[in-house]
Each structure stands twice: as C-alpha cells, then as structure tokens.
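What follows is a single structure, written as structure tokens, with notes after it.
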Amino acid sequence: MDSTWLVLLSLALGLVVGAGFVAILHVAARRGEQAADVVNSGVPDGVDQIIDALGSAGIVVDPSNNVMKASPGAHSLGLVWNDTLVQPELAELVDTVRRSGESISRDLVIPRGPFGDASIHLHARVARLGSRYILLLAEDHTESVRLDEVRRDFIANISHELKTPIGAVGLLAEALQSAADDAEQVRRFGERLSQESQRLARITQDIIELSRLQSSTSLANPTPLAIDDVVVAAVNQNRVAADARAIELAVGGSSRAHVYGVESMLVTAVDNLISNALQHSPERSRVGIGVKVADGAVEIAITDQGEGIPEAELDRIFERFYRVDQARSRSTGGTGLGLAIVKHAVQNHGGEVRVWSQPGRGSTFTIRLPEASTQLPAASANGAVRASIGDTP
Ligand code: ADP
C-alpha cells in the first residue's frame, strides 16, 4: 500500500469516527432536551399544594387543555372528568387567555350535571401560570344567587299580598261615601272595610314577625321555659275559635320538660299550628296536642282529623306565602306565612318541625326542640339558671 492509499484510508476513518461522534453528541443533546421536557411537564413548585388546599375550584391545564391538577372542589362541582375540562365554556375561557395572554374573569351559568336542568352559578378567573400552563379558579355563587332570588320573590309576594286588601279598602271607602244615605249599604260596606283592615293588620304583623325571626339565626337571650306553660298559653289563645266550631282541644298530660328559648316565639309557633289544625278540621272533630320527651328532644305534636295535605305539597307548605288552596286560605283569613313563622321560630331554637299527613285522614305537625337538661347552651354562662332547672320537679 503506497502513501496515497494510507492518506485516503486515514481520512475515511476520520470521517466515520467524526460522524459517529457527532451522532452521539446529537443523541445526547436530544436526550437532554427530553429530560428537560419531563422536568417542565410537572405543575410548578408550590402550585400543587395550593390547589390541594383550595376550598373552591382550582384547575391547572397544559397547552393541550389536559388537566394537570384539580382541587377536590373542581371535581365535586363536576368541572373535571377524566383529566379534561367538562364544560366547553371553561375550555373557551382557557383558550382565550392562552391566545391573548391577558387574565380574565367571568360569571357563568353552567349545567350542574349531565342530566336534568339544574345549573350552577360560577365566578371564574383564568390566568397564565408560567409560560406553559393556564390556571383556572372558580367560586360557586349558586347559593347567594338563590338567596337573592328568594329575597326578590319575597318582596314581589309582599307587594302582591298587600295590593289586594289595600285596593279593597280604597274601593270600600268610596262605596261608603256614595251610599251615605242607605243605612243597610253603609253597614255592609263598613263590615267589609273592617274585615279588609284586619286582614292588612294580620299580614303586616306576620311579615314583621317573620323578618324578625329571619334577621337572626339564633336567640339573643334564651331563658329556661317549662314547655307545658308554652302549650297551655297557645291552647288558651285558640279556645274561642275551637268552641265556635265545637272542636275539642284535647291536651295530653304534662311533660314537666324544659327548653331554652324565648317564650313568645314558641307560643306563636304552637299557636300557629293549633290555629291551622282548627282551620282545616270539620266541625265537632278533635284536635290533639301532646307533649313527650324522647332521647333528649321535647316533642310537641298537634294532630287534626281534617282534610289532610297531598304528598306533593308537603315540601312546599313551609315556604312563605305558599298555600295548597289559595282561595280557601284567603277566605279563612290565612296569610300564607304561618308555617314559615313556625319553621324559623323552631330553627332559631335549634329544633325542627316535621309533618305527617294523609288526604282524608288528617295531619300531625311535630315540633322537636332540644331538652334543656341535656343541652349545652350558650345560656350555661348563666349557671344559676341551669342549676335551678335541674332542681325543678
Ligand atoms: P295559611 O295562612 O294559609 O294557613 P300557612 O303557612 O299556615 O298559611 O299554611 C300553608 C298551607 O299549608 C295552608 O294554606 C294549607 O293549605 C296547608 N296547611 C297548613 N296546616 C294544615 C293542616 N293542619 N291541615 C291541612 N292543611 C294545612
């Protein structure tokens, strides 16, 4: 082999070794890039823990809108399923932020789930998280929107309920003026005027009572009360109405139980239930009022033999202004607020009201209150009062 061949061979070898070396370097560099990708694909440090600790919904998505991290709140609101954003509205917000780079916040109404027509009201905020991810935070405002609607409905209902008697008072006053010479007409219009003004007085009184009960969810100064006294006071307020229709008010024996509370509120609650029982009972029937103590709860049950309430209405009768039979409630002087007042008065005492009813058989409304001797009330600050209850026979 001459020297020319030797030179060519060493050149070729050099090329092969060099190319191999370059290839190795390239592969190594690519691996390095991939390793860097893997490191970067995780959610940035600290964000993980913050999302875990969020009470509301928090979601981090990658450039393909895959969910990298979601808080328990995001799952429970049904915003994430199988590592994807369920709601197209949220995916659109994320895309908009990715394109513009600007953070945005929006109020959205989205379906509560795949079935039915319930919806949730969300306040969503979306922002970039580093160069790669998008962070979506959402708060559930459904409950406050619902409360606003309830409040608006209440005001609309009040106006509606007041409009009728106020209009009637105006018309009757005019009728009275023009019938001044007819004694019989004057007597008739005068009687109706007095009925409408009593109705106005009842509605305003009930509205004031209900707003007072709703303005606070607990009692300011609860005192120990003998439940038998509460029942006797409420029964006495209904004696005349019961006698007028020959309905027997049968009070079961004494319980000697005590509760912490405000006497006037509890008397109003029991009174409303007894007066409802009377309104819906036939003449010469019986309304029973029984008190018993069971498992630390004092139960006052009012049972009638009236027309009963259809099952479908049972959930609604405690709503403000809800009546099963509008015309009948108005003709008997009902305001539609009686049971709402009972519910709030009892809830403010840490209790509940239950109803059993069957059309044609009658109804039983039961108020359950925590018994004073087993309660751990704020009123235990008043140690002397608590001790005296234990001493009561
Ligand atoms: P109202 O002023 O109309 O009595 P309530 O809030 O006290 O309003 O009661 C709501 C509705 O529930 C009533 O209009 C009536 O239809 C029904 N209801 C309440 N108590 C009874 C009862 N004991 N028997 C049958 N229906 C009742």
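The values are calculated or read from the model by the stated rules, or taken from the named source; none is laboratory data. Treat the numbers as computed from the prediction; the structure is a model and nothing was measured. Positions of Cβ are backbone-derived with ideal geometry, glycine not excepted, and every protein chain shown enters the neighbour counts. These accessible areas exclude ligands, DNA and RNA; they are computed on the full protein's heavy atoms, side chains included. Shrake-Rupley method; radii C 1.70, N 1.55, O 1.52, S 1.80 Å.
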#### Entry: Cβ-Cβ FRET estimate between R125 and D153, R0 fixed at 41 Å, reported to 0.05
0.85
### Query
Working out 0.36 nm times the residue gap between V109 and A183, then minus their Cα-Cα distance, what length gain in nm do you get to one decimal?
20.4 nm
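Would you mind getting me the FRET efficiency between R284 and Q347? Use the beta-carbon distance for r and R0 = 41 Å, nearest 0.05.
On the way: r = 35 Å, r/R0 = 0.86.
Working from the Cβ atoms, E equals 0.70.
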#### Entry: Set of aspartates and glutamates with alpha-carbon distance to K292 below 17 Å, sequence-local pairs under 8 removed
D228, D229, E352, E371
### Summary
Rounded to the nearest 10 Å², the 1.4 Å probe accessible area of K163 is 140
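Take the Cβ-Cβ distance between H160 and V240 as r, set R0 to 30 Å, and report the resulting FRET efficiency rounded to the nearest 0.05. Intermediate results must be reported in sequence, preceding the final value.
On the way: r = 31 Å, r/R0 = 1.03.
Taking R0 as 30 Å, the efficiency between H160 and V240 is 0.45.
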### Summary
Between the modelled labels at F318 and E143 (7 Å from Cα along Cα→Cβ) the distance in nm is 1.7
### Query
Residues of the stretch 150-173 with amide nitrogen under 16 Å from the 7 Å Cα-to-Cβ point of Q326?
154, 156-165
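Within 10 Å, count the other beta carbons around each residue, average over each peptide in 245-251, 70-76, and list them highest first. It would help to have the intermediate numbers written out before the result.
On the way: 245-251: 14.7, 70-76: 18.3.
Descending mean neighbour count gives 70-76, 245-251.
D for the stretch 218-389, whole µm²/s, Stokes-Einstein with Kirkwood Rh over alpha-carbon pairs at 4 °C and 1.567 mPa s: what number?
Numbers: Rh = 16.5 Å.
Using the Kirkwood radius from Cα pairs, D works out to 79 µm²/s.
Using the Kirkwood radius built from alpha carbon pairs, what does the Stokes-Einstein equation give as D for the stretch 47-140 at 10 °C and 1.306 mPa s, in µm² per second?
Numbers: Rh = 13.1 Å.
Estimated via Stokes-Einstein, D reaches 121 µm²/s.
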### All lysines inside 23 Å of K69 as judged from Cα atoms, apart from same-chain residues fewer than 8 positions distant
none
### Under 14 Å from the Cα of K163 - aspartates and glutamates, other chains or at least 8 residues apart
E196
### Query
Out of the DSSP beta bridges found with both residues in the stretch 204-300, what percent are antiparallel (nearest 5)?
65
